[in-house]
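Trainee: I'd like to ask some things about the structure below.
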Amino acid sequence: MLRICVCVSGGGTNLQAVMDAIDAGGITNTEIVKVISNNRGAYALVRAESRGIDAAVVSPRDYADRELFNRAFLQCVDEAAPDLIVLAGFLVVLPPMMIQKYEGRIINIHPALIPSFCGKGYYGLKVHEAVLARGVKITGATVHFVDEGTDTGLIILQKAVEVQPDDTPEVLQKRVMEQAEWVILPQAIDMIANGRI
Ligand code: GRF
């Protein structure tokens with residue numbers, strides 16, 4: 001049974017997609033053992049609690065400096081003893097010591113086709129604003145392993161989504177989530193849980 005810890009910062013729709021896929025059998029041999037957020041107002045926490053999943057908040061704001069936060073965050077993850085850490089809309093830079101300790105066992109969902117529209121400053125709606133500003137006709141989402149860089153780890157899965165002429169960033173974001181993120185994140189977890197990666 002793959003023990004996964006899901007890190008969230010916002011609405012938690014990717015977390016919801018993972019929970020739903022586990023319930024529906026789209027993901028097998030997997031248990032979400034903990035949800036951790038840096039944001040105590042994240043609706044993702046409501047989603048976790050409504051499904052009886054252990055949830056915790058570890059916010060940089062609650063610590064005198066980054067080092068203290070990093071240590072508290074890593075301890076919160078370690079307590080869950082996860083096999084895999086899933087970053088699902090998580091907006092905090094991971095502590096380097098955590099990336100080393102869980103090397104090859106952290107994955108992230110990015111709302112674009114890496115290496116396009118990724119790296120520092122490319123998150124949330126900003127990604128889709130840049131996609132529309134550039135005028136590309138195809139965008140999508142990427143699941144990748146997390147390394148010390150930003151969106152630079154080995155790519156696991158990608159799924160393309162068409163950009164429509166009258167798209168707004170919000171409309172495009174929703175399409176990318178529905179047609180790509182919520183499909184490939186569960187798929188990647190199931191592959192890892194069943195030894196296909
Ligand atoms: C969204 O922008 C999504 O594309 C990205 O993280 C943000 C929040 O997602 N992966 P979620 O609804 O909290 O899963």
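The numbers here are math on the coordinates, done by the rules we state, and not lab data. Small disclaimer: the values here were computed from a predicted structure and weren't measured.
Trainee: Over 25 Å, how big is the tail of the calculated P(r) for the stretch 2-193, in percent of all Cα pairs?
Mentor: Summing the P(r) of the stretch 2-193 above 25 Å gives 32 percent of all pairs.
Trainee: While we're on this one: With everything on Cα atoms, drop me the angle between helix 13-24 and the longest principal axis of the chain, reported from 0 to 90° to the nearest 10.
Mentor: Value to nearest ten degrees: 80.
Trainee: Continuing with the same structure: Measure nothing but the geometry: give the 0 to 90° angle between the long axis through the Cα atoms of 182-193 and the longest principal axis through the Cα atoms of the chain, rounded to 10°.
Mentor: Helix 182-193 sits roughly 40 degrees off the main axis of the chain.
Trainee: Let me ask something else. Specify the angular offset, from 0 to 90 degrees and rounded to the nearest 10, of the alpha carbon long axis of helix 66-80 from the longest principal axis of the alpha carbons in the chain.
Mentor: Its long axis makes an angle of about 80 degrees.
Trainee: Where is the GNM fluctuation largest for the chain (alpha-carbon springs, 10 angstrom cutoff): 52, 104, 119?
Mentor: Judging by the Gaussian network model, the answer is 52.
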